[in-house]
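Structure record follows, encoded as C-alpha cells.
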Amino acid sequence: MEQPLRFGICTDPNLTWQKNVERWRLVEELGFDSAWNSDHLIDPNQQNGPYFEAWTNLAGLAAVTTRIRIGCLVTSNTFRHPVILAKMAVSVDHISSGRLDIGLGAGWYQAEHDMFGIEFPEKGELISRFREAVQLIDTLLRNGTSTFEGKYYQVNEAIMRPAPVQKPRPPLVIGAKKPRMLMICAQYADTWNSSGTADELRERNQILTEYCTVIGRDPGSIRRSMYYWVPPKRSEDPWDSVDAFQEVIGRYREAGINEFIIDYPREEREPVLERVAAEVIPKLRASSVTG
C-alpha cells in the first residue's frame with residue numbers, strides 16, 4: 001500500500017528570529033506536515049551573511065509551534081559528538097511534545113570546517129564515523145543505559161534520562177546519495193532524504209530498495225523524501241505557479257518519492273504557497289490514499 005504523501009517547508013537560519021517564527025507559524029497554519037531548518041555554521045551561498053546555529057534555533061521554533069513535525073535537514077555529524085546530539089534531540093523532543101524528526105548527515109561543506117578549525121575527515125573515514133554515530137544515537141535513544149565500543153565513539157553505561165517522548169525513539173531521517181550512505185539508510189533510517197534530479201532519486205530509490213531486500217527489511221517501511229531548493233540560476237521554481245508546483249511534485253512522485261520538502265518561496269511568491277496549501281495539497285493527499 002502506498003504511503004500517504006507528506007509536504008514540508010524548509011527555511012534557512014539566515015533569517016531574523018522574528019521572521020523565522022512568522023514563517024513557521026504560517027507553514028503550520030496553512031496545514032503543511034512539517035517544517036525544517038538546516039545545519040551550517042555559515043551560509044554556503046552567502047558566506048558573509050548571518051546564520052543561526054541550527055539546533056538552538058530548532059528548539060526555539062519547537063516552542064512556538066504546536067502541530068507540525070519539525071527537524072533539521074540534516075545535522076552534520078562533524079559538528080557534534082553523537083552523545084551530545086542524542087541529548088539535544090531528547091530535549092527538543094520534549095519541547096515539541098513529541099514532534100521531532102532527527103535529520104542526520106555525514107557532513108559535506110569543507111569550507112566552514114576549515115574556517116572554524118573543525119576537522120573534516122577524508123571521505124572514507126567521514127562515512128565510517130557517520131555509520132558509528134547513527135548506530136550510537138539509535139542505541140542511546142532506545143535505552144536508558146547503553147555501552148558502546150566503536151572505533152571512533154565509545155560510551156560506558158551511559159545514562160539517558162529522561163527518555164524521548166516518542167517511542168521507541170524519534171524517527172531518524174538520513175540524508176544519503178551514494179551507496180555506502182544508502183546502506184546506512186537501509187539499516188537505520190525511518191526516512192531517507194535526498195536531493196537531485198528525479199532520475200537521480202529514482203536510481204537511488206531503487207538501490208535503497210535492493211539494500212533493504214538484502215538485509216531482510218521491508219522497503220516500504222522507509223519513507224522516501226526529497227529536498228528541493230531553487231539555486232539562483234535555476235529556472236524550475238515550483239513556486240512560480242500552481243501548475244509549476246504540480247509538475248515538480250508529479251515528476252518526483254513518479255520516481256517513488258512520497259515526502260516533498262521544499263524551500264520557502266521568495267516573498268513575492270507567498271500567494272502561490274497559500275494557493276498550493278489550500279487547493280493542491282489536499283487533492284494530492286487524497287489521491288495517495290485512494291490510489
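Each reported figure results from applying straightforward, stated rules to the coordinates on display, with no laboratory input. None of the values given here were measured: they were computed from a predicted structure. In this analysis, Cβ positions are derived from the backbone assuming ideal geometry, glycine residues included, and neighbour counts consider all displayed protein chains.
Among residues of segment 97-134 being within 16 Å of the chain's Cα centre (by Cα) and part of a helix (DSSP H, G or I), the one that is nearest to ARG180 (Cα to Cα) is PHE130. For segment 9-41, which residues satisfy the criterion of being of a type outside the set (Asp, Glu) and in a helix (DSSP H, G or I)? Selection gives TRP17, GLN18, LYS19, ASN20, VAL21, ARG23, TRP24, ARG25, LEU26, VAL27, LEU30. Of the residues screened, TYR188 is not one that is touching a residue at least 12 places away in the same chain (Cβ under 8 Å), farther than 21 Å from ASN77 by Cα and surrounded by 15 or more Cβ atoms within 10 Å (Cβ to Cβ). Which condition number in (1) part of a strand (DSSP E or B); (2) over 17 Å from the mean Cα position of the chain (by Cα) is the one that ASN193 fails? Going through the list (1) part of a strand (DSSP E or B); (2) over 17 Å from the mean Cα position of the chain (by Cα), ASN193 breaks only (2). Checking each residue in segment 277-291 for being surrounded by 13 or more Cβ atoms within 10 Å (Cβ to Cβ) and over 29 Å from GLN206 (Cβ atoms) picks out only ALA277. Pairs are defined by a Cβ separation below 9 Å, a sequence spacing of at least 6 or placement on different chains, a first member in segment 34-52 that is more than 27 Å from GLY98 (Cα to Cα), and a second member that is surrounded by fewer than 13 Cβ atoms within 10 Å (Cβ to Cβ) and aromatic (Phe, Trp, Tyr); the pairs so defined are ILE42/PHE116. The residues listed here are ASP43, ASP39, ASP33; of these, the one that is within 30 Å of ARG129 (Cα to Cα), of a type in the set (Asp, Glu) and within 15 Å of the chain's Cα centre (by Cα) is ASP39. Within segment 250-263, if we keep just the residues that are in a helix (DSSP H, G or I) and touching a residue at least 40 places away in the same chain (Cβ under 8 Å), the residue that is surrounded by the fewest Cβ atoms within 10 Å (Cβ to Cβ) turns out to be GLU254. From the list VAL92, VAL64, the lone residue that is among the β-branched types (Val, Ile, Thr) and farther than 19 Å from ASP39 by Cβ is VAL64. The set of residues in segment 1-48 being within 19 Å of GLN110 (Cβ to Cβ), touching a strand residue (DSSP E or B) at 6+ places or on another chain (Cβ under 7 Å) and either surrounded by fewer than 20 Cβ atoms within 10 Å (Cβ to Cβ) or among the acidic types (Asp, Glu) (or both) consists of ASP39 alone.
Cβ separations smaller than 8 Å between residues 6+ apart or across chains give the following pairs from segment 103-123 residues that are free of Cβ contacts under 8 Å to residues at least 12 places away in the same chain to residues that are in a loop (DSSP other than H, G, I, E, B): GLN110/PHE120; ASP114/PHE120. If you go through segment 63-96 and pick out every residue that is buried (at least 24 other Cβ atoms within 10 Å of the Cβ) and assigned to a helix (DSSP H, G or I), you end up with 5. I'd like the residue in segment 135-167 that is part of a loop (DSSP other than H, G, I, E, B) and within 23 Å of the chain's Cα centre (by Cα) and, out of all such residues, is nearest to ALA89 (Cα to Cα). For segment 135-167, the residue satisfying everything is PRO164.
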